[in-house]
Amino acid sequence: MSVVIEQPRSPRSRKGANWEKYGWMYMRASGALLVILIFGHLFTNLFLGEGIKAIDFAFVGGKWSDPFWKVWDLAMLWLALIHGTNGMRTIVNDYASKEAVRKTLVWALWGICAVLVTLGTLVVFTFDPCPAGAAAELLPSFCPAS
Amino acid sequence: MPTMPAGTLYRGKVGMWSWVLHRITGVAIFFFLLVHVLDTALVRLSPEAYNAVIGTYKTPIIGLAELGLVAAILFHALNGVRVILIDFWRKGVKYQNVMFWIVVAVALLIFIGFAPRHLAHVFG
């Protein structure tokens, strides 16, 4: 299918909401927030203390026992996945030359985004830092000894 | 062979290359994000499953790849701020060129602050 490009000075022929504009605004708004969220995430997880060496189940359990980090990580999950998916959509729109391929890829992108946002949100909300039957040495120190 | 047009504002210059880098780093970060949400979701399965997978993040090869990831994030984040300034700041377009070099300098500075510490964690 050939793409019709409108004359630059032709009047606007658009019906419904201008989603491209909202997408453009979203990339900038979420991007600004993500700079703070991700720099903070990298600083606490990779720079402070023992960095990557200290990250294990007990570390995550300790962090997510604090509502502050739950909100932080949830915000990061939603903002980053939608930001990344919309960026990939832009790239697909630029390079996919067949309309059917483009549509399929864009649908796949939003499908993956929806699945991961749902999965991540469920994990944060249903997470148990002290699961029953787990070895005590793998759990955060505040868990009651079983 | 077509020759490159001379004297264009964009092509072959900072504007074009920052755009190219922004795309490449963006795609790389996107694919890491997909993996990262999945590996973190393992905390819901069992401590053993999560620790086993996150253990691979501490190996030398993945440890080095993390340096690349951090470098990509630093450039993408700071160049994103540059894009916002070009769009919304009155003098943004005028200073887009110098802002690119500020982005590179600040990214490099933070990277130099981070890399030795991270390498000490991975190899220490």
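The values are calculated or read from the model by the stated rules, or taken from the named source; none is laboratory data. Everything numeric in this text was worked out from a predicted model, so none of it was measured. Virtual Cβ from ideal backbone geometry, glycine too; neighbours counted across all protein chains shown. We work out accessible area using only protein heavy atoms, side chains counted, and drop any ligands, DNA or RNA first. Shrake-Rupley method; radii C 1.70, N 1.55, O 1.52, S 1.80 Å.
General remarks:
- A 1.4 Å probe, protein heavy atoms only, puts the accessible area of A:Cys143 near 20 Å².
- Each residue was assigned an accessible area with a 1.4 Å probe, and for A:Arg14 the value is about 120 Å².
- Only lysine pairs 8 or more places apart, or on different chains, with alpha-carbon atoms under 22 angstrom apart are counted in chain A, and they number 4.
- Relative contact order [Cα under 8 Å, 6+ residues apart], the stretch B:54-124, whole percent: 45 percent
- Centre-to-centre, using Cα atoms only, the stretch A:1-60 and the stretch B:54-90 are separated by 13 Å.
- Mean residue ellipticity, 222 nm, helices only, chain A: the sum of -39500 (n - 2.57) across DSSP H runs of n ≥ 4, divided by residue count and rounded to 500, is -21000 deg cm²/dmol.
- Accessible-area order (highest first, 1.4 angstrom probe) of the listed residues A:Arg28, B:Arg11, A:Arg12: A:Arg12, B:Arg11, A:Arg28
- Note that the stretch B:14-123 shows a convex hull volume over its alpha carbon atoms of 108 Å³ per residue.
- Share of pairwise Cα-Cα distances greater than 26 Å in the stretch A:1-115 is 41 percent (whole percent).
- Converting phi to 3J(HN,Hα) with the Karplus coefficients 6.51, -1.76 and 1.60 and the offset θ = phi - 60°, the stretch A:44-59 yields 6, 8, 10, 9, 5, x, 8, x, 4, 4, 8, 7, 7, 4, 5, 4 Hz in sequence order, with x at every glycine or proline.
- Near the amide H of B:Gly92, within less than 5 Å, lie no amide hydrogens of residues on another chain or at least 5 residues away, with H placed in the peptide plane.
- Across chain A: Cys residues that no other cysteine approaches within a C-beta distance under 4.7 Å: A:Cys113
- Per-residue shielding of B:46-56, expressed as the average number of other chain Cβ atoms within 10 Å of the residue Cβ, stands at 4.
- In Å², nearest 10: area of B:Ile102 left accessible to a 1.4 Å probe: 90 Å²
- Here the 3J(HN,Hα) profile of the stretch B:82-97, calculated from phi with Karplus coefficients 6.51, -1.76 and 1.60 at θ = phi - 60°, is 4, 4, 4, 5, 4, 6, 10, 8, 3, 9, x, 5, 4, 9, 4, 5 Hz, Gly and Pro shown as x.
- The coefficient of translational diffusion for the protein assembly as shown, derived via Stokes-Einstein from the alpha carbon Kirkwood radius under 37 °C and 0.692 mPa s, stands at 155 µm²/s.
- Expected 222 nm ellipticity per residue - DSSP helices of 4 or more, -39500 (n - 2.57), all of chain B, to 500: -27000 deg cm²/dmol
- Loss of accessible area when B meets A, both sides summed, Å² nearest 100, probe 1.4 Å: 3500 Å²
- Using θ = phi - 60° and Karplus 6.51 cos²θ - 1.76 cosθ + 1.60, couplings along the stretch B:47-60 (whole Hz; Gly, Pro as x): x, 4, 4, 5, 4, 5, 6, 5, x, 5, 5, 9, 6, x
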